[in-house]
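As structure tokens, the structure follows; a few thoughts come after it.
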Amino acid sequence: MNCDYCEIVEKGEKLFEDDKLVVALSPVPASLGHVLVIPKEHFTILEQIPDFIAGHLFNVTNTVSTSVFETLRVHGINIIIENGISAGQRIAHFAINIVPRSENDGLGFNWTPKKFDDEEMSTVELQLKEQTDTIGGFEKEEKKALTVDDAHETIPTNEDDYMLKQLNRLP
């Protein structure tokens, strides 16, 4: 697979990395300090990401956003997710964009609100309420089994150390 974000995960310059994600400067920044938070596993859109990974992505995004804000002393930050082609996603790998903003920086993320009639709004509200009934039942990370070694290890002792001798006597 030829994916620019997978390449960043594999070989790119990273600001931060753990077992689930990578944080890196955007190779095509909208502003100085534009950062990407990218899951290591290849997911195309947010809806494919397990809840425990999505939660971790947003926790790290919050921390990185604070760091960018304080380090670059910017006036604001946009947190942007282009979730699907119609939302402007050009790379088919989910990422969270942290875009530092300054007054009069020339970036435009404004849209003109649309007007819908009351019936359309009520219909959409009812449909979404039905679909959001399951919110709160989050997918948890599977815990790995903990293995315990039955062999008891003794603590090396100094003959004069009474407390260490006592610890070695415990079953």
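Checking segment 111-126 against the condition returns no match, with no residue being surrounded by 10 or more Cβ atoms within 10 Å (Cβ to Cβ) and either within 24 Å of PRO27 (Cβ to Cβ) or in contact (Cβ under 8 Å) with a residue 60 or more places away in the chain (or both).
Only one entry of VAL35, VAL22, VAL28 meets the criterion of being among the β-branched types (Val, Ile, Thr) and surrounded by fewer than 16 Cβ atoms within 10 Å (Cβ to Cβ), and that entry is VAL28. The C-beta contact set for segment 69-85 (first residue over 13 Å from ALA95 (Cα atoms), second residue in a helix (DSSP H, G or I) and at pLDDT below 95, distance under 7 angstrom, 6+ apart or interchain) comprises ILE77/PHE69.
If the condition is being of a type in the set (Val, Ile, Thr), farther than 25 Å from GLU141 by Cα and within 18 Å of the chain's Cα centre (by Cα), then segment 9-36 contributes only VAL35.
Only one entry in ASP160, ASP105 is among the acidic types (Asp, Glu), modelled with pLDDT under 80 and in a loop (DSSP other than H, G, I, E, B), namely ASP160. Here ASN2 passes the criteria (1) part of a helix (DSSP H, G or I); (2) among the polar types (S, T, N, Q); (3) at pLDDT below 95 except the one numbered (1).
Put simply, of ILE91, ILE53, ILE38, ILE81 the only residue that is of a type in the set (A, V, I, L, M, F, W, C) and closer than 17 Å to PHE109 by Cα is ILE81.
The values are calculated or read from the model by the stated rules, or taken from the named source; none is laboratory data. On a predicted model such as this, the values are computed, not experimentally measured, just so you know. A quick note on method: Cβ atoms are made from the backbone with ideal geometry, for glycine too, and the neighbour counts reach across all protein chains shown.
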